[in-house]
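What follows draws every value from the coordinates through simple rules; no lab data is involved. Quantities reported herein were computed from a predicted structural model and do not represent experimental measurements. When we count neighbours, we look across all protein chains shown, and the Cβ atoms used for this are built from the backbone with ideal geometry, even at glycine.
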Amino acid sequence: MNKIFLLITSICLWQISFSQTVPVDSVKFYEGKEITVCSKVIDTYVSKTNEGTTFVNFGKPYPKSTFTIVIFEADLRNFKYTPSLYLKDKNVCITGKVKIYKGKPEMIVNKEEQIKVE
């Protein structure tokens with residue numbers, strides 16, 4: 001019984017140490033950390049000047065978005081769907097490393113497995 005409890009506790013601690021769920025308005029405090037963010041997608045945009053990069057915004061519409069995920073065109077092949085269309089207005093959880101770009105938090109997403117649609 002003690003071995004099972006120890007195993008379950010170890011697994012829980014391992015998951016917590018690798019990814020923490022953070023509210024969308026607090027992401028900016030987790031620069032450089034691997035976290036999970038769950039929120040509703042407010043809007044999406046595919047850049048015409050930045051090689052088809054997809055931007056998925058949370059909190060408020062661009063340019064006042066609270067948090068953005070970025071999917072580069074080369075990584076779109078890792079998705080079974082078109083993120084800019086499929087994710088719009090959906091509640092999702094995204095897991096990845098936070099970086100600050102031009103004063104705003106963002107997360108680079110390379111594969112579909114980083115995004116869970118709720």
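A few remarks follow.
- With the simple model of a label 7 Å out from the Cα in the direction of the Cβ, E112 to K48 spans 2.9 nm.
- Residues listed by number, the range 68-83, amide nitrogen under 13 Å from Y101 label point at 7 Å toward C-beta: 68-75
- Straight-distance crosslink candidates among lysines, where the alpha carbon sits under 21 Å from K99 and sequence neighbours closer than 8 are dropped: K28, K33, K40, K60, K64, K111, K116
- Among the trypsin sites (Lys or Arg not before Pro) in the range 21-118, those located in a DSSP loop and surrounded by at most 10 other Cβ atoms within 10 Å of their own Cβ are K48, K64, K80, K102.
- Rounded is the label for the range 20-117. Its Cα gyration tensor axes, ordered a ≥ b ≥ c, give a/c under 1.5.
- Over the range 20-117, Cα pairs under 8 Å with separation of 6+ residues give a relative contact order of 31 percent.
- Neighbours of Y62, meaning other residues whose beta-carbon lies under 14 angstrom from its beta-carbon, give a summed charge of +3 when Lys and Arg score +1 and Asp and Glu score -1.
- Cleavage-rule hits (chymotrypsin sites (Phe, Trp or Tyr not before Pro)) in the range 30-118: DSSP loop, at most 15 neighbouring Cβ within 10 angstrom: F72, Y81
- Partners for K48 among aspartates and glutamates (Cα-Cα distance below 15 Å; same-chain residues under 8 apart left out): E73
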